Amino acid sequence: MTLTRRSFLGVAAGAGALAAVGVPIPALAANKPLTIGFSQVGAESEWRTANTASIKAAARQAGVNLKFADAQQRQENQVKAIRSFIAQRVDVIAFSPVVETGWDTVLREAKAAKIPVILTDRSVKVSDPSLYVSFIGSDFVEEGRRAGRWLLEYDKQMGGKPLNIVELQGTVGSAPATDRKTGFAEIIATNPKLKIIRSQTGDFTRAKGKEVMEAFLKSEGKNINVLYAHNDDMAIGAIQAIEEAGLKPGKDIAIVSIDGVRGAFQAMVQGKLNVTIECNPLLGPTLMQIAQAVVAGKPVAKRVTIEEGVFPADVAAKVLPTRKY
Ligand code: GZL
């Protein structure tokens, strides 16, 4: 059964609340704060910055001793960090895997050391699902579908003309890039007038998003009607490239992107971005509650999903002041 974050919070918050009123969670009863080793993807986007801030704040709030390692978007650095956490005998290992594959060996080492592993944000493809206890993260395929559904609607409003789409993919091999591509393609396949004419990775960064969009504009120019970006940072980089090419982002080229970070709302208020599909980075509190539950020997959901929305430009000005990231 998939517990949504809210329902899980209802269950786990009880534990959190107990601790808050001084009823010790067994793992904490020994007055030894929980130690979590966390390997973070990097600092590649506004989303990642918000995700890191959420994890660090939640650890402070929960009295957890957090060992935090930034992998600079390199899998070998994450493997090294996980091995170091094993050597330090942390109570729990948590990480956001930069790519989906290549984790079996190091996760088997964590299992042999009897250290539970929790995945946050992105998942892994492993031969043995018992190599991690829980995965807290969004449904990226659904995020891609939501982007596709918005574009179908947009096309209708534009009179149903053919639309040439360029796609800025996320990090090659990462779950969000693979799944957002899958979900979007599934939906636009229902309208033969919508065609992806170029698709390339911008590695989730503004700089690369701008660089690849410049190449798209050079080769396709005015032939581009829509940009689908797998995250807001690449969209914001692409907006700069579109303006430098003398075109109007959000008008000459409609832009649909994913994350829902502050920069995207600001771009929508300026009329340069048409819609952002939310991907919630505020996973810290749920991670701490699951980690405490695991150490206390309580059952936890294998998959904890996050509820998220879709924010078109016409609501951006009203919603921006309420955004937490
Ligand atoms: C999604 C996360 C992605 C964001 C990007 O959960 O893994 O990585 O969409 C970030 O902004 O770089």
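Structural remarks
- Residue within region 104-114 that is under 20 Å from the mean Cα position of the chain (by Cα) and free of Cβ contacts under 8 Å to residues at least 60 places away in the same chain present: no
- Here is the figure for region 259-303: residues that are among the hydroxyl-bearing types (Ser, Thr, Tyr) and without any contact (Cβ under 8 Å) to a residue 60 or more places away in the chain total 1.
- Test for Thr286: is it assigned to a helix (DSSP H, G or I) and within 15 Å of the ligand (Cβ to nearest atom): yes
- Taken over region 219-237, the residue count meeting the criterion of being more than 11 Å from the ligand (Cβ to nearest atom) and closer than 18 Å to Leu163 by Cα is 10.
- Hey, Lys248 surrounded by fewer than 19 Cβ atoms within 10 Å (Cβ to Cβ), more than 13 Å from the ligand (Cβ to nearest atom) and more than 19 Å from the chain's Cα centre (by Cα) or not: yes
- Region 169-179, subset assigned to a helix (DSSP H, G or I) and of a type outside the set (A, V, I, L, M), residue nearest to Arg206 (Cα to Cα): Pro176
- Candidate set: region 272-283, residues that are more than 14 Å from the ligand (Cβ to nearest atom) and open to solvent by 20 Å² or more (accessible area, probe 1.4 Å); chosen: the one farthest from the chain's Cα centre (by Cα): Lys272
- Given (1) among the basic types (Lys, Arg); (2) over 30 Å from Met234 (Cα atoms); (3) modelled with pLDDT under 95, number of the condition Arg5 does not satisfy: (2)
- When region 173-187 is limited to residues that are away from the ligand (no atom under 13 Å from the Cβ) and open to solvent by 10 Å² or more (accessible area, probe 1.4 Å), the one that is nearest to the chain's Cα centre (by Cα) turns out to be Thr182.
Condition check ((1) open to solvent by 40 Å² or more (accessible area, probe 1.4 Å); (2) part of a loop (DSSP other than H, G, I, E, B); (3) not assigned by TED's automatic domain parsing to the domain that holds Thr35) across all residues:
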{"residue": "Val99", "(1), (2), (3)": "no, yes, no"}
{"residue": "Thr105", "(1), (2), (3)": "yes, no, no"}
{"residue": "Leu119", "(1), (2), (3)": "no, no, no"}
{"residue": "Lys125", "(1), (2), (3)": "yes, yes, no"}
{"residue": "Gly144", "(1), (2), (3)": "no, no, yes"}
{"residue": "Ala147", "(1), (2), (3)": "no, no, yes"}
{"residue": "Lys156", "(1), (2), (3)": "yes, no, yes"}
{"residue": "Glu167", "(1), (2), (3)": "no, no, yes"}
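- Residues in region 47-79 that are touching a strand residue (DSSP E or B) at 6+ places or on another chain (Cβ under 7 Å), within 16 Å of the ligand (Cβ to nearest atom) and not in a loop (DSSP other than H, G, I, E, B): Trp47, Thr52, Ile55, Asp70, Gln78.
- Ile82, sole failed condition from (1) more than 16 Å from the ligand (Cβ to nearest atom); (2) open to solvent by 30 Å² or more (accessible area, probe 1.4 Å): (2)
- Test for Thr105: is it out of contact with any Asp or Glu (no Cβ under 9 Å at 6 or more places or on another chain), of a type in the set (Val, Ile, Thr) and away from the ligand (no atom under 14 Å from the Cβ): yes
- Region 229-258, residues that are among the hydrophobic types (A, V, I, L, M, F, W, C) and free of Cβ contacts under 8 Å to residues at least 40 places away in the same chain: Ile236, Ile239, Ala241, Ile242, Ala245, Leu247, Ile253, Ile255
The values are calculated or read from the model by the stated rules, or taken from the named source; none is laboratory data. As the structure is a prediction and not an experimental result, all values here were calculated from the model. As a convention, Cβ positions derive from the backbone with ideal geometry for all residues, glycine included, and neighbour counts pool all protein chains shown. In case anyone asks, the SASA skips ligands and DNA or RNA and just uses the protein heavy atoms, side chains included. Shrake-Rupley method; radii C 1.70, N 1.55, O 1.52, S 1.80 Å.
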